[in-house]
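First comes the structure, then the notes that go with it.
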Amino acid sequence: MTEVNRIPIDPHSHAALAANDLELGLVDTSNTAAISAWLRSDARGFHSPEPSAEYLADRAGEFAQSNDRVTGVWDRPADEDAEPVATIWSWEMGLTVPGGESIDAWAISSVTVAPTHRRRGIARALLTAELRTARLAGSALAMLTVTEATIYGRYGFGPAAWQAPYTIDTKGLRWIGPVPDGRVKFVSPSDLFTIAPDVFNRARTRAPGETDRRGDTWKRILGLAPSVPSEDTHDIRAVLYRDAEQRVQGYAVYRFEGHEENSVLHLIDVCSVTDDAYSALWRFLVEMDLTNTISAPRRNVIEPVIWQVNNPRAIRKTDQRDQLWLRILDVPRVLSARTYAAPGIFVITLHDELEFAHGQYVLEISPTGHASVTVLSPSSVHQQADAVTVTLTVNDLASLYLGGASAVALAGSGRLTGMTPDAAQALDRSFASPHSPHLSTWF
Ligand SMILES: CC(C)(COP(=O)(O)OP(=O)(O)OC[C@H]1O[C@@H](n2cnc3c(N)ncnc32)[C@H](O)[C@@H]1OP(=O)(O)O)[C@@H](O)C(=O)NCCC(=O)NCCS
């Protein structure tokens, strides 16, 4: 992995901000005062409560041990120990793509600009700097989760994995799905902390859109991190599923709110390597006594549990929204990292306002679903009778990439152009993923 915190600050954005009397710089992650000031600014940017001393100490300890790139913007003259007026944080992190491989991507988080400094181009300077730095570091792809869907399209990101919250009315609901041979057993969150990463990493191969989970993510999920005031991490319960051969194949993490029959089971995380584990854990949850409601946020937009109960109307998807946004920087590496559902030859003309991926590419998919990608020079013309041609933006290619967006729908909306007949159908046949892309965490 590249030591991303050692890459110098981007000179273009540095100069653009300096012209407005602002200083773009890296935070020294071993300096507790500086990282605490940055964390306070990050919290303020999201309108979160003031972080506690315990939370700041915990996060500062994590940053000190990491190679993460923590960037701030200060009013000049800059004082690193003062709160920055803008924040951004990045690191390299694996992303599962169709076929089960994990591709190293440039993760971006904590994008904030203080309300006193908004709409002066600071976020644009931060984001374009991140993309240039990611490219310099050799990342083929950048990714983030977003507060608002209106912010990142202008930088070439497109939504690529979705999530849905479910409300399940369990009163009178009967399990009609399989009843596996293994056992569901309680486990303490601290024990699960050591077991869950292996289960999650095995499960991830069939979950395009899932990203690595680092120690800080696990601690948050399991309620082991010092709580920030807005987070309720009390009373977390956890179970794991061992199959008939005693192998741990899944787990669930949840907590209750309320009392007796009015209590709600809040599902924090559930993960299964096998279909058996999926059935066993969902049966355990659905048949829980002394609660009539399960609230399950950030689940896949397609959940087999709907087919495993006697009343599918009792499982209500209450929303569906984008969760993971991708920004393709290196088309040949990104497109050849995944496998495809059907062979084909695609001549793709890509528009990218920021120029990273602008150009023409030939994607050749073999009968085994593996791909090779050639970059066409502006003067060359690809002549192959059976080639499918399409013109689209780098954003829309990101949305198609994990198999979650429909090319037929994009074509119908006018976003795909320059197509040979049935190009959209051919794209859908090849880009389809048997597992709909899903990201279960925020980062
Ligand atoms: C989102 C945020 C970082 C933007 O910062 P900013 O410095 O004001 O943005 P800029 O001045 O660089 O604006 C860049 C462009 O984004 C647009 N934009 C900025 N914030 C936007 C928003 N919330 N919704 C829609 N467009 C927005 C601007 O209009 C501008 O458009 P243009 O390129 O067409 O001129 C800032 O409003 C913020 O901190 N919001 C709260 C925290 C948050 O939600 N962060 C995002 C985390 S995923």
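The values are calculated or read from the model by the stated rules, or taken from the named source; none is laboratory data. Everything numeric here is computed off the predicted structure, so don't read it as measured data. Using ideal geometry, Cβ is built from the backbone for each residue, glycine included, and neighbour counts are taken over all protein chains shown. All accessible areas refer to the heavy atoms of the entire protein, side chains included, with ligands and DNA or RNA removed. Shrake-Rupley method; radii C 1.70, N 1.55, O 1.52, S 1.80 Å.
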Residues in the stretch 23-57 that are under 18 Å from Ala129 (Cα atoms), of a type in the set (A, V, I, L, M, F, W, C) and in contact with a Phe, Trp or Tyr (Cβ under 7 Å, 6 or more places away or on another chain): how many?
-> 1
Of the conditions (1) touching a helix residue (DSSP H, G or I) at 6+ places or on another chain (Cβ under 8 Å); (2) open to solvent by less than 10 Å² (accessible area, probe 1.4 Å); (3) closer than 30 Å to Phe431 by Cβ, Glu130 clears all except one; give me its number.
-> (1)
When you scan the stretch 134-160, how many residues do you find that are of a type in the set (Ser, Thr, Tyr) and either closer than 19 Å to Asp42 by Cβ or open to solvent by 20 Å² or more (accessible area, probe 1.4 Å) (or both)?
-> 4
Of all the residues that make up the stretch 28-50, how many are surrounded by 19 or more Cβ atoms within 10 Å (Cβ to Cβ) and of a type in the set (Gly, Ala, Ser)?
-> 6
State yes or no: is Asp322 open to solvent by 30 Å² or more (accessible area, probe 1.4 Å), at pLDDT 95 or above and closer than 25 Å to Phe157 by Cβ?
-> yes
Out of Ala161, Ala225, which single residue is touching a helix residue (DSSP H, G or I) at 6+ places or on another chain (Cβ under 8 Å) and under 30 Å from Ser272 (Cα atoms)?
-> Ala225
Residue pairs qualifying under the 9 Å Cβ cut-off, at least six apart or on distinct chains, with the first in the stretch 27-39 being assigned to a loop (DSSP other than H, G, I, E, B) and the second being open to solvent by 20 Å² or more (accessible area, probe 1.4 Å) and aliphatic (A, V, I, L, M), are Thr29/Ala64; Ser30/Ala64; Asn31/Ala64
Determine whether Gly25 is closer than 21 Å to Ala114 by Cα, touching a strand residue (DSSP E or B) at 6+ places or on another chain (Cβ under 9 Å), open to solvent by less than 60 Å² (accessible area, probe 1.4 Å) and not charged (D, E, K, R).
-> yes
Kindly check whether there is at least one residue in the stretch 4-13 that is without any contact (Cβ under 8 Å) to a residue 40 or more places away in the chain, within 16 Å of the ligand (Cβ to nearest atom) and assigned to a helix (DSSP H, G or I).
-> no
Restricting the stretch 92-102 to residues that are open to solvent by 20 Å² or more (accessible area, probe 1.4 Å) and outside any loop (DSSP other than H, G, I, E, B), which is farthest from the ligand (Cβ to nearest atom)?
-> Ser102
In the stretch 107-116, residue farthest from Ala18 (Cα to Cα) [restricted to those that are hydrophobic (A, V, I, L, M, F, W, C), touching a residue at least 40 places away in the same chain (Cβ under 8 Å) and more than 6 Å from the ligand (Cβ to nearest atom)] = Ala107
Residues of the stretch 269-309 being in a helix (DSSP H, G or I), of a type in the set (Val, Ile, Thr) and either in contact with an Asp or Glu (Cβ under 9 Å, 6 or more places away or on another chain) or farther than 13 Å from Val184 by Cβ (or both), in sequence order, are Val305, Ile306
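Taking Trp89 as the residue in question, decide whether it is open to solvent by 10 Å² or more (accessible area, probe 1.4 Å) and within 16 Å of the ligand (Cβ to nearest atom).
Yes; evaluated as a whole, the condition is true for this residue.
Within the stretch 413-439, track down each residue that is part of a helix (DSSP H, G or I), open to solvent by less than 70 Å² (accessible area, probe 1.4 Å) and within 22 Å of Val301 (Cα to Cα).
Within the stretch 413-439, Leu427, Asp428, Ser430, Phe431 meet the criteria.
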